[in-house]
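**Student:** Sharing a structure, written as structure tokens. Questions coming.
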Amino acid sequence: MLPAKTCNNLAMAVPLSSPLISPKPSINISINTSVSRRYCALTPRSFIPLNRTATKSFQSKLVSCILSKLEHPTECSDNHKTDTKSCLPVLQHGIMRLGAAVSAAVFIIQLISPVPLSGWDAPFLPPANAVLYSPDTKVPRTGELALRKAIPANTNMKSIQNSLEELSYLLRIPQRKPYGTMEGNVKKALKIAVDEKDSILASLPADQKEKGLALYTSLTDEKGELQALLRYIKDKDPDRVSVALASSLDSIAQLELLQAPGLSFLLPAQYSNYPRLTGRAVVEFLVEKGDGSMFTPQSGGVPRKAATIQVVLDGYSAPLTTGNFAKLVNDGAYDGMKLKCTDQAILSDGGIGKSVGYSVPLEIMPSGQFEPLYKTTLSIQDGELPVLPLSVYGAVAMAHDDVSEEYSSPNQFFFYLYDKSYSGLGGLSFDEGQFSVFGYTTIGRDVLPQIKTGDVVRSAKLVEGQDNLVLPAENL
């Protein structure tokens, strides 16, 4: 249980990387070549007025004398001695002042913003953490998108999904949207769907083929969702494109879920007797205000004493964590539980007893991998990103165990209130990759900011996915 440790981690955003290293300074020294009709050469004793003609002669003599001095330090014509004696101190003094000014400027810049200099190996200059600050970091920004990406489906369906997901990013471009690129992506997805029809339908279980065929037809038919999406793109109607895209992606997610009836990997032998969830499940929370006040619907409506929150549990990416959580819900462990809030999280009461639940190891599925890592955090600095990111408003994760951060708390969980102001420039939370994220709030996100310390979970129920929960044959 980690009331203290988790709150500290979540309330204080500690950067994973040092501040960005500023680029090398560029110091430009410009000389004003414009001249006035009268010039003055300053000497230690006097000002010598010079007209334009005299000045040109003087400059020519001076340059000639300096070059002669460099080649033959002891030789210089008598004609130049007087001018040189008068002007060399001025030149030397100016060069010395310029050198001092440049040195001081470089020194001050180096103190304010450390710059890596050639040949230096300063220990206080850490490597740049490009993943945190890259504008191309495409982590899911909603729970629905994160859940879609987490489905271990047919590779052809994933290719179709990835082509369409790209449209979500393209639609964010203001003003001149790249409709040509969008059209190309949809045509690519449609071609894969038509060419790989047999492969897509063959990956469906026998008892799901009829339902899967209906979903496939709704996508690829001449009057289907992908054709409608193409029409709206050609009409350059971003609102209709957005709606049609959401509908198409929803159908794709349903078809992918039919293709993934169970886990695609084996659990480690030491965890074979733990409760586990072999797919998706939905938990519904009924939350009441502890002070007798009301919840206000964000879209208008009548204030109410209780509000509903639904969370989708992803057993594909975190089977042990979701299995333990679903079992606790069935056992009524969270009924009547009080909530407490920090700036970045809503935490369940950690005092429901250590005897309830199991000490499940930290469980994180890295992006691009086929099975979770256990007892290991991810190195965001090295480019490791989780399949289920914390950097989503309404993400649900287990707190750390109060003894070891290699384990999750047996029962304490939290809703993460993602805030971009607490994140790196790439939009990643500074706590990314440190907790076992196991689901996302899909209904009731507008309720989360209204929850205050002292509010109560009146009930928690597993309303979908009961068949996916596998309980141990014997008690641990």
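The values are calculated or read from the model by the stated rules, or taken from the named source; none is laboratory data. It should be emphasised that the depicted structure is a prediction, and the values quoted were computed from it without experimental measurement. For neighbour counting, all protein chains shown are included, and Cβ atoms are generated from backbone atoms with ideal geometry for every residue, glycine included. Each accessible area value is taken on the protein alone, full model and side chains, heavy atoms only, with ligands, DNA and RNA left out. Shrake-Rupley method; radii C 1.70, N 1.55, O 1.52, S 1.80 Å.
**Student:** Cβ neighbours within 10 Å, averaged per peptide: list 393-399, 434-440 in order, most packed at the top.
**Tutor:** Values: 393-399: 25.0, 434-440: 28.1.
Top to bottom by mean Cβ count within 10 Å: 434-440, 393-399.
**Student:** Would you list which aspartates and glutamates come within 14 Å of LYS338, measuring only between C-alpha atoms, while excluding same-chain residues fewer than 8 positions from it?
**Tutor:** By straight Cα distance, LYS338 reaches GLU288, ASP291, ASP349, ASP455.
**Student:** Hey, another quick one. I'd like the distance between the alpha-carbon centres of the range 413-476 and the range 177-243, rounded to an integer number of Å.
**Tutor:** Between the Cα centre of the range 413-476 and that of the range 177-243, the gap is 32 Å.
**Student:** Could I ask something else about it? For the pair GLU464/SER242, report the inter-label distance in nm, with labels modelled 7 Å from Cα in the Cβ direction.
**Tutor:** So the two model labels end up 2.4 nm from each other.
**Student:** Distance in nm between label sites at GLU183 and GLU288, each 7 Å beyond Cα in the beta-carbon direction?
**Tutor:** The two pseudo-label positions are separated by 5.9 nm.
**Student:** Using a ≥ b ≥ c from the Cα gyration tensor of the range 217-259 (square roots of the eigenvalues), is it rounded, prolate or oblate, where a/c under 1.5 gives rounded and otherwise the larger of a/b and b/c decides, a/b for prolate? Walk me through the numbers on the way to the answer.
**Tutor:** Working: a/c = 4.16, a/b = 1.75, b/c = 2.37.
Note, shape of the range 217-259 comes out oblate.
**Student:** Separate question: Explain nothing, just compute: Karplus ³J(HN,Hα) = 6.51 cos²θ - 1.76 cosθ + 1.60, θ = phi - 60°, for every residue of the range 210-222 in order, whole Hz, x for Gly and Pro.
**Tutor:** Each residue's phi maps through the Karplus curve to give 5, 5, x, 5, 5, 5, 4, 5, 5, 8, 9, 4, 4 Hz.
**Student:** Would you mind working out the magnitude of the charge dipole of the range 380-423 relative to its Cα centre, with +1 at each Lys and Arg C-beta and -1 at each Asp and Glu C-beta, to the nearest 20 Debye? Kindly include the intermediate steps, with their values, before the conclusion.
**Tutor:** Values: 1 positive and 7 negative charges, 61 e Å.
Charge dipole of the range 380-423: 300 debye, to the nearest 20.
**Student:** Okay, moving on. Using θ = phi - 60° and the Karplus curve 6.51 cos²θ - 1.76 cosθ + 1.60, what whole-Hz ³J(HN,Hα) does each residue of the range 459-473 get, with Gly and Pro shown as x?
**Tutor:** Once rounded to whole Hz, the list reads 7, 9, 10, 8, 9, 9, x, 4, 5, 7, 8, 10, 9, x, 6.
**Student:** How much length, in nm to one decimal, is gained on full extension between GLU405 and ALA214, taken as 0.36 nm per residue of separation minus their Cα-Cα distance? Write down the numbers at each step before the final one.
**Tutor:** Details: separation 191, 0.36 × 191 = 68.76 nm, distance 4.63 nm.
Additional length available on full extension: 64.1 nm.
**Student:** Further question: Would you please give the residues with an amide H less than 5 Å from that of LEU373, counting only those at least 5 places away or on a separate chain, with H modeled from the backbone geometry?
**Tutor:** ILE364, MET365
**Student:** Of the accessible area of the range 197-299, with the probe set at 1.4 angstrom, what percent is carbon plus sulfur?
**Tutor:** On the way: 2640 of 5410 Å².
Here carbon and sulfur together make up 49 percent of the probe-accessible area.
**Student:** Moving to a separate point now. Near the amide H of SER408, under 5 Å away, which other amide H atoms are found, from residues 5 or more places off or on another chain, if H is placed in the peptide plane?
**Tutor:** VAL360, LEU362, ASP401
**Student:** Estimate the FRET efficiency between ALA104 and GLN254 by the formula 1/(1 + (r/R0)^6), using the beta-carbon distance for r and 51 Å for R0, to the nearest 0.05. Write down the numbers at each step before the final one.
**Tutor:** On the way: r = 67 Å, r/R0 = 1.32.
Taking R0 as 51 Å, the efficiency between ALA104 and GLN254 is 0.15.
**Student:** Search the structure for amide H atoms under 5 Å from the amide H of LEU313, placed 1.01 Å from N in the peptide plane, and list their residues when 5 or more places away or on another chain.
**Tutor:** Those lying under 5 Å, H to H, from LEU313 are ALA281, VAL282, VAL283.
**Student:** Where does the charge balance sit around ASP237 when Lys and Arg score +1, Asp and Glu -1, over other residues with C-beta under 11 Å from its C-beta? Display every interim value, and only then the final one.
**Tutor:** Details: positive: LYS177, ARG231, LYS234, LYS236, ARG240; negative: ASP235, ASP239.
After counting each charged neighbour, the total is +3.
**Student:** Further, regarding this structure: Considering only protein heavy atoms, what per residue accessible area in square angstrom results for the range 223-316 with a 1.4 angstrom probe? All intermediate terms of the calculation are to be shown ahead of the outcome.
**Tutor:** On the way: 4460 Å² over 94 residues.
Roughly 47 Å² per residue, with all protein chains present.
**Student:** If R0 is 45 Å, what FRET efficiency do you get for LYS191 and ARG97 from their C-beta distance, rounded to 0.05? Display every interim value, and only then the final one.
**Tutor:** Working: r = 71 Å, r/R0 = 1.57.
Efficiency at R0 = 45 Å is approximately 0.05.
**Student:** Can you tell me, using C-alpha contacts under 8 Å and at least 6 residues apart, the relative contact order of the range 199-356 as a whole percent? Present the calculation step by step, with values, prior to reporting the outcome.
**Tutor:** Details: 158 pairs, mean separation 25.4, N = 158.
It rounds to 16 percent for the range 199-356.
**Student:** What list of ³J(HN,Hα) couplings, whole Hz, do you get for the range 144-150 from phi and the Karplus terms 6.51, -1.76, 1.60, once you set θ to phi - 60° and write x for glycine and proline?
**Tutor:** Ordered by residue, 3J(HN,Hα) equals 4, 5, 4, 5, 5, 5, 7 Hz.
**Student:** Another one. Which residues does a label at ASP331 reach in the range 438-476, if reach means a backbone N under 17 Å from a point 7 Å past the Cα toward the Cβ?
**Tutor:** 460-462, 469-476
**Student:** Still on this model: Based on the mean of other Cβ atoms within 10 Å per residue, sort peptides 233-244, 183-194 so the most packed one is first. Don't skip to the answer; put the middle values down first.
**Tutor:** Details: 233-244: 15.7, 183-194: 17.7.
For the peptides 233-244, 183-194, the packing ranking is 183-194, 233-244.
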